[in-house]
Structure formats: structure tokens, C-alpha cells
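Quick notes on the structure that follows.
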Amino acid sequence: MARERTVQAFVFTANGGPEVAELTDRPRPAPGPGQLLVAVHAAGVNPADWKRRSGFRRPDMPEPVFPTVFGAEAAGVVEAVGDGDTGGLGPGDAVFGSPVTGGYAEYTLIPADTAAPKPAALSFADAAALPVAAATAWDGIRQLALPPGATLLVTGAGGGVGVAAVQIAVHEGLTVIGTASPGKKDLVEALGARHVAPGPGVQDRVRAAAPAGVDAIFDLVGGDALREIAGVLADRAKLISGGDAQTVTELGGAPVDRARNRPVLEAVAQLAVDGVLSPQVTATFPLDQAADALREVETGHARGKIVIVVRGD
């Protein structure tokens, strides 16, 4: 009998804190219909990763089957494909997208309809920062549909989704105000937004920065911070959140309506190639230091985007 091939992956073995996570050997996944087996070169790290480990689950998400591999963003090279339509993607193609078996691993499975070809001009690390962070930003800006000249407030503007949202909004002619910690002030301003520190009195600081008013809020923080800032917006139909569906709905707004398809991935990749959108990858970690990468994001102090590099470009 042939020996089952195993690969390294960073997993969580139960819901809980960092103590339930570990780097371990797992069977290499096999592609099903319409799926791509991808040799991972890089994987993006997101707040949703540690939130899932902690037990958070959207209503549309299945119950986790432990051990569960971390990671909802990956870029790499197609090793094999399953039966059925793979959208023209095949072995040897460089791709990026949203894996169904976790990106913090040497190999993962990505459905072909949530994958896109990686442009040659885009590194694997930058491509791995796009499927969740940049695509969420793109979907949110499309959802708000603001005219040029309108004022958009982005909360959490110094994080992965935030830096993408600011850049896309500025490119489309919007005036952008971004809340972020004082340590991220230079980053937010370099992206073209007016920086406002969060915390007590934030409404007054936002009103001072936007005396003509705020036309929309793209929230990426949620919770009490979202409740605090929502008061600056008169039209709650222009209030969306990329991270707290429950609170934003309570306040009369809506969660970001994610498209999760290839055209969106191709759109944000083109923005990156054109120099409009920088994924702002500020730190990379090897797979055997995935715990450190996740900890960096979990603290809430990470600037821009953190990426795990599994294989070199």
C-alpha cells in the first residue's frame, strides 16, 4: 500500500485561544470537482482567522471539523485539478484566491470560481493579500456607490482591508477620513486619507475633519467603536461593516455584500499591477512562525497586511 503523502499545516484543534493552535502534518488534500490543488507560496493573515479559532462563526458557515487549517487567502501554483470545469486553470498556472482547506499550509484546495490567474507583475505575497482584504474593500466601495467628491469615513483604516478601502476610495475621487491608532497616522495619511484617532471624543474629531458632514461609513472595527462613530452619519443606508454584521444591522446599516468571484479578484489584481492599490504587506513570516504572524494581527496593532511565506517567489 502506498504511503499517504503528508504536508505541513498550521491548525487549531478546538475553539479557544492560541494554546489550541499548532503546526502539524496533515494528509495532502485531493481536489474535488471544480477544485484546484495549489502548492501554496504565500497566505494572507486576517482577523477572521483568530476569530474563527475563538469560536466565531457566520450563520452561513458550517461547523468546524477539527483540526481546522487557518487562512482564507492564498497564492501559489496549481499542482492538479479535479473533475469538471476549472475555468481554464490547470497545472503550472500561478493563481490566487480563497481556499476551502486553509491557506496556512504547504498545499490547499481553491475552488476555481473563487480563484484567478496571478499576474506575472504581482508577487505571490502581494497576491495573497488580495482575496479577503482588497476584495472586501472593493465590494464595500461598490456597495456604497458614492459619487466623486463624497466624504467616506473608514474605521480601522490602518489594517489590511482598511488600507485597501482607502486607496480604492481615493482613486475614485472620494474624500476619505480614516480612524486608526496614532501609530498608524503616517500610514493612513500616506494613502491619501485624513487621519483621526479613535477613542473618546472621536465624533467631535470626525466632525472637525469633515465640517460638511460624512456621506458614508465603511466600518472595519465593529462593536462599541462602531456604535460610537455611527452618530456622525444621518443616512444609515450608507453604513456598512466588513467585520460586525450584528452591530451594523442593529444600527440600521448592512454588512458588506461579498461577491467572492473571479471578476472581483481580477479587478483588484489589475489595480495592484497599475500601481493604484498597494497591498501594503508590512511583514512576512515563514510557515513555522505562523503563530507569531497570527499573534501580530490578533493584537490589533499590525500596520497594513501580514503574510505567511510558505515558498519563495
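With the gyration tensor restricted to C-alpha atoms of the stretch 217-313, the semi-axes of the equivalent ellipsoid amount to 30, 19, 12 Å, longest first. Mean projected area of the convex hull spanned by the Cα atoms of the stretch 89-218, taken over all viewing directions: 9.6 nm².
Remark: the Cα gyration tensor places the stretch 158-270 in the oblate category, a/c being 1.5 or greater and a/b not exceeding b/c. Assuming R0 = 25 Å, what is the FRET efficiency of Val170 and Thr282, from their Cβ-Cβ distance, to the nearest 0.05? That pair, Val170 with Thr282, gives E of 0.85.
Note on Arg57 and Glu79: the extension gain reaches 4.9 nm, defined as 0.36 nm multiplied by sequence separation minus the Cα-Cα distance. For Leu287, the shell of other residues with beta-carbons less than 10 Å away shows a net charge of -1, using +1 for Lys and Arg and -1 for Asp and Glu. Working ranking of peptides 70-76, 93-99, 26-32, 47-53 by packing, defined as the average number of other Cβ atoms within 10 Å per residue, highest first, is 70-76, 93-99, 47-53, 26-32.
Model label points for Asp186 and Arg142, set 7 angstrom from Cα along the Cα-to-Cβ axis, are 3.6 nm apart.
Fully extending the segment from Leu23 to Gln270 would add 85.5 nm, taking 0.36 nm per residue of separation and subtracting the current Cα-Cα distance.
The fraction of all Cα pairs in the chain landing in successive 10 Å bins from 0 to the largest distance is 6, 28, 34, 22, 8, 1, 0, 0, given as whole percents.
Surface composition of the stretch 161-313: carbon and sulfur make up 49 percent of the accessible area, probe 1.4 Å. Taken along the Cα-to-beta-carbon direction at a fixed 7 Å, the label points for Arg236 and Asp113 span 3.4 nm. Over all orientations, the stretch 20-67 has a Cα convex hull whose mean projected area works out to 4.8 square nanometres. For the stretch 1-160, averaging the sequence separation of C-alpha pairs within contact (under 8 Å, six or more residues apart) and dividing by the residue count gives a relative contact order of 25 percent. Rounded to whole Å, the principal axis extents of the Cα atoms in the stretch 11-124 read 40, 29, 28, largest first. Under the criterion of Cα pairs below 8 Å and six or more residues apart, the relative contact order for the stretch 1-41 equals 35 percent. Close amide H contacts of Val196 (hydrogens built in the peptide plane, cut-off under 5 Å, sequence separation of 5 or more or a different chain): Gly178, Thr179, Ala180. Database remark: amide H of Phe285 closer than 5 angstrom to the amide H of Val307, Ile308, Val309 (H placed geometrically; neighbours at sequence offset of 5 or more, or on other chains; Pro and chain starts carry no H). Per residue, the average separation of C-alpha pairs within less than 8 Å and at least 6 apart gives the chain a relative contact order of 19 percent. All Cα-Cα distances of the stretch 82-154, cut into 10 Å bins from zero to the largest, leave 16, 42, 26, 13, 3 percent in each bin in turn. Using 0.36 nm per residue and subtracting the Cα-Cα separation, the extra length available between His301 and Asp257 on full extension is 13.2 nm.
The values are calculated or read from the model by the stated rules, or taken from the named source; none is laboratory data. No experiment lies behind these values; they were computed from the predicted model shown. FYI the Cβ positions are ideal-geometry reconstructions off the backbone, even for glycines, and counts take in every protein chain you see. Each accessible area value is taken on the protein alone, full model and side chains, heavy atoms only, with ligands, DNA and RNA left out. Shrake-Rupley method; radii C 1.70, N 1.55, O 1.52, S 1.80 Å.
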